[in-house]
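Note sheet for the following structure.
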């Protein structure tokens with residue numbers, strides 16, 4: 001049989017540690033990370049302020065796509081639907097996060113920022129829609145009546 005070149009040491013290897021008076025406080029293993037941002041309320045608070053930013057980015061990208069020659073109506077419809085879903089979803093997430101604050105740190109500020117951003121966007125879009133809807137529409141001029149045939153009296157008044 002072939003001999004083992006490196007026989008395995010069966011004794012447990014103990015690390016060499018300095019004496020307690022020379023040991024540093026931070027020289028131990030890292031403590032486990034406190035991941036407080038994993039609760040649903042934290043995720044909703046983050047989604048509340050990220051959703052309007054994604055919606056704004058999406059609207060700028062749609063302008064570039066329409067400029068590249070894509071079908072404008074289809075792109076506008078798809079982007080408009082995604083925009084509305086993102087804004088409404090962000091607003092709902094912000095309200096859910098605000099309802100679940102209960103002393104947790106890191107929820108209140110992002111949730112308030114998200115709700116304010118979403119309400120501001122809804123307000124601006126609503127005001128622009130209202131302003132465009134109440135604008136007087138330029139109507140084409142009414143064409144003059146056709147000339148009457150010779151010998152028949154004209155019905156138009158001078």
Order of 78, 127 - criterion: other Cβ atoms within 10 Å of each residue's Cβ, fewest first: 127, 78
Testing the spin-label approximation: label points 7 Å from Cα along Cα→Cβ at residue 131 and residue 148. State their distance in nm. 5.0 nm
Gain in span if fully extended, residue 88 to residue 124, counting 0.36 nm per residue against the direct Cα distance: 11.5 nm
For 93, 44, what ranking results if the residue with the fewest other Cβ atoms within 10 Å of its Cβ goes first? 44, 93
Subtracting the Cα-Cα distance from 0.36 nm times the residue separation, let me have the gained length for residue 100 to residue 61 in nm, one decimal. 10.6 nm
Given all pairs of different Cα atoms, what value in angstroms does the Kirkwood hydrodynamic radius of the range 37-132 take? 14.2 Å
Compactness summary of the range 74-122: radius of gyration and Dmax from Cα atoms, Å, are 13.0, 46
Subtracting the Cα-Cα distance of residue 141 and residue 75 from 0.36 nm times their residue separation yields 20.4 nm
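Only the coordinates and a few stated rules stand behind these numbers; no lab work does. Since we're looking at a predicted model, the values are computed, not measured. Don't worry about glycine lacking a Cβ; one is built from the backbone with ideal geometry, like all the others, and counts go over all protein chains shown.
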